[in-house]
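Nothing in this text is a laboratory measurement; each read-out follows from the coordinates by a stated rule. Not measured: the values here are computed from a predicted model. All Cβ positions, even for glycine, are placed from backbone atoms using ideal geometry, and neighbour counts span all protein chains on display.
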Amino acid sequence: MKRRREMKVTRVRDVKLPTRGTSQSAGIDFYVPNTFKERSIGPGHKAFIPSGIKANVPPGHALIAFNKSGVALKKGLFVGACVVDEDYQGEIHLHVVNVGTEAVVIEPGEKLVQLVLVPVFYDTIEEVSQEALFSETTDRGAGGFGSTGNF
């Protein structure tokens, strides 16, 4: 069963509306505005690009940005931090980092980043003693970063 939810958006610049690659794509593709001045990003450098879109994120949700696999593979551009909370009412910006070895050009109209609408739980934070934190001990314990043999 497909769950469908409506998310209202408005354009604040000349830009293509966000799209889905297919009806079952989790990610919503965001584009570089048509009025964006072409920019080169050097290796190891980052860019903060306006999306031209404001979104009314549904209650109990957030938009989280992820790499477009083709953009990451072909251009070496990876998404930086980007969480759009339901109470944010400004223009969404796209944060990308060039992890490649050559400069990359970002052009107007190109598909750059995908955002996924995810449910959010607003749990309260309660401080407890270390002894009271976990009700039982797990096999993994505090092991991380390859502790299960994958690193």
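For region 21-93, what does the alpha-carbon gyration tensor say about shape, rounded, prolate or oblate, given a ≥ b ≥ c as the root eigenvalues, a/c under 1.5 as rounded, and a/b over b/c as prolate?
prolate
Per DSSP H run of n ≥ 4, the term is -39500 (n - 2.57); total these for the chain, divide by its residue number, and report the mean residue ellipticity at 222 nm rounded to 500 deg cm²/dmol. Show your work: numbers first, answer last.
Working: 2 runs with 11 residues, N = 151.
Theoretical 222 nm ellipticity from helices: -1500 deg cm²/dmol.
Give me the percent relative contact order of the chain, please, defined on Cα pairs under 8 angstrom at least 6 residues apart.
Once divided by the residue count of the chain, the mean separation gives 28 percent.
Counting alpha carbon pairs within less than 8 Å and at least 6 residues apart, what relative contact order, in whole percent, applies to region 37-96?
Relative contact order here is 47 percent.
Give me the percent relative contact order of region 1-83, please, defined on Cα pairs under 8 angstrom at least 6 residues apart.
Computed value for region 1-83: 29 percent relative contact order.
Efficiency by 1/(1 + (r/R0)^6): what FRET value for ARG4 and PHE48, r their Cβ-Cβ distance, R0 = 30 Å, to the nearest 0.05?
Working from the Cβ atoms, E equals 0.40.
How large is the charge dipole for region 10-151, taken about the Cα centre, if only the Cβ atoms of Lys, Arg (+1) and Asp, Glu (-1) carry charge, to the nearest 20 debye?
About 1000 debye.
What full-extension length gain, to one decimal in nm, is calculated for ASN67 and THR101 as 0.36 nm per residue of separation minus the Cα-Cα distance?
Going from the current span to full extension adds 10.4 nm.
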